[in-house]
Amino acid sequence: MDLTIHQTMLPHDDPDASLAFYRDVLGFEVRNDVGYGGMRWITVGSPDQPGTSIVLHPPAADPGITEDERRTISEMMAKGTYAMILLATKDLDGTFERLQAGGAEVVQEPTEQPYGVRDCAFRDPAGNLIRINEQR
């Protein structure tokens, strides 16, 4: 089997804030920005990984979600417990400083974890947890 990771999905509740964060703070390129029915899907990714993207999507877009589920998703997003992504960098300290200077909400400063990685953590404007591992 020949499989690659093409896209992953992260919810957003403010497309303009999410776009500014992923483009201006993280430095990702915008690959697509599509609106439909008052909602907006934004595809971003690292310029160094043209085949892998993050799709920032409105969580209410799935027609199979009930109103109770929408409410639960909104509550979990507000608490920052709904979604996460793990990124990697060779310069964790420099990346941390850039994100902090860009106004990202710091969850954890660069830390040597007992399970063998050095990482830090932030939240994006929708509350999604972004952990960043240091590549060694």
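The values are calculated or read from the model by the stated rules, or taken from the named source; none is laboratory data. These figures come from a predicted structure and were not determined experimentally. As a convention, Cβ positions derive from the backbone with ideal geometry for all residues, glycine included, and neighbour counts pool all protein chains shown. Keep in mind that these areas ignore ligands, DNA and RNA; they rest on the heavy atoms of the full protein, side chains included. Shrake-Rupley method; radii C 1.70, N 1.55, O 1.52, S 1.80 Å.
Taking every DSSP bridge with both residues inside segment 9-88, close to 75 percent are antiparallel. Here the Karplus curve 6.51 cos²θ - 1.76 cosθ + 1.60, taken at θ = phi - 60°, turns the phi angles of segment 80-85 into couplings of x, 10, 8, 9, 8, 9 Hz, with x standing for Gly and Pro. Is any residue of segment 1-37 close enough, with backbone N under 16 Å, to a label point placed 7 angstrom from the Cα of Arg98 along the Cα-Cβ axis, and if so, which? Counting backbone N atoms under 16 Å from the label point, the list is 20-30. Eigenvalues of the alpha-carbon gyration tensor of segment 83-123, scaled by 5 and square-rooted, set the equivalent ellipsoid semi-axes at 17, 12, 9 angstrom, largest first.
Taken over the Cα atoms of segment 52-120, the convex hull encloses 145 Å³ per residue. Which FRET efficiency value, to the nearest 0.05, do you get for Asn133 and Asp68 by plugging their Cβ-Cβ distance into 1/(1 + (r/R0)^6) with R0 = 22 Å? Efficiency, from the Cβ-Cβ distance: 0.05.
Largest GNM mean-square fluctuation among Gly103, Gly80, Gly116, using the chain with Cα springs under 10 Å: Gly116.
Debye-formula intensities of segment 42-91, expressed as log10 I(q)/I(0) at q = 0.13, 0.14, 0.18, 0.29 Å⁻¹, are -0.46, -0.52, -0.75, -1.14 (one equal scatterer per alpha-carbon, no solvent).
Once you wrap a convex hull around the alpha carbon atoms of the chain, what is its projected area averaged over all directions, in nm²? Don't skip to the end; give the middle numbers.
On the way: hull surface 39.8 nm².
So the mean shadow area of the Cα hull is 9.9 nm².
The chymotrypsin sites (Phe, Trp or Tyr not before Pro) found in segment 74-123 that occupy coil by DSSP, while having at most 14 further C-beta atoms within 10 Å, are Tyr115.
What residue among Asp48, Asp124, Asp24 shows peak mean-square fluctuation when the chain is described by a Gaussian network model with Cα springs under 10 Å? The residue with the greatest mean-square fluctuation here is Asp48. Of all the options Asp119, Asp13, Asp91, the one that moves most in a Gaussian network model of the chain with Cα springs shorter than 10 angstrom is Asp91. What is segment 1-71 by shape, rounded, prolate or oblate, if you read a ≥ b ≥ c off the alpha carbon gyration tensor as root eigenvalues and call it rounded for a/c under 1.5, prolate for a/b larger than b/c, and oblate otherwise? Judged from the Cα gyration tensor, segment 1-71 comes out oblate (a/c at least 1.5, b/c at or above a/b). With helices as the sole contributors, the chain gives -6000 deg cm²/dmol at 222 nm; each DSSP H run of n ≥ 4 counts as -39500 (n - 2.57), and the sum is divided by every residue. Take every DSSP beta bridge whose two residues both sit in the chain; close to 65 percent of them are antiparallel. Rolling a 1.4 Å probe over the protein heavy atoms of the chain, with every protein chain left in place, gives an accessible area that is 51 percent carbon and sulfur.
In Å², and per residue, what accessible area does the chain have when probed at 1.4 Å with the other protein chains present?
59 Å²
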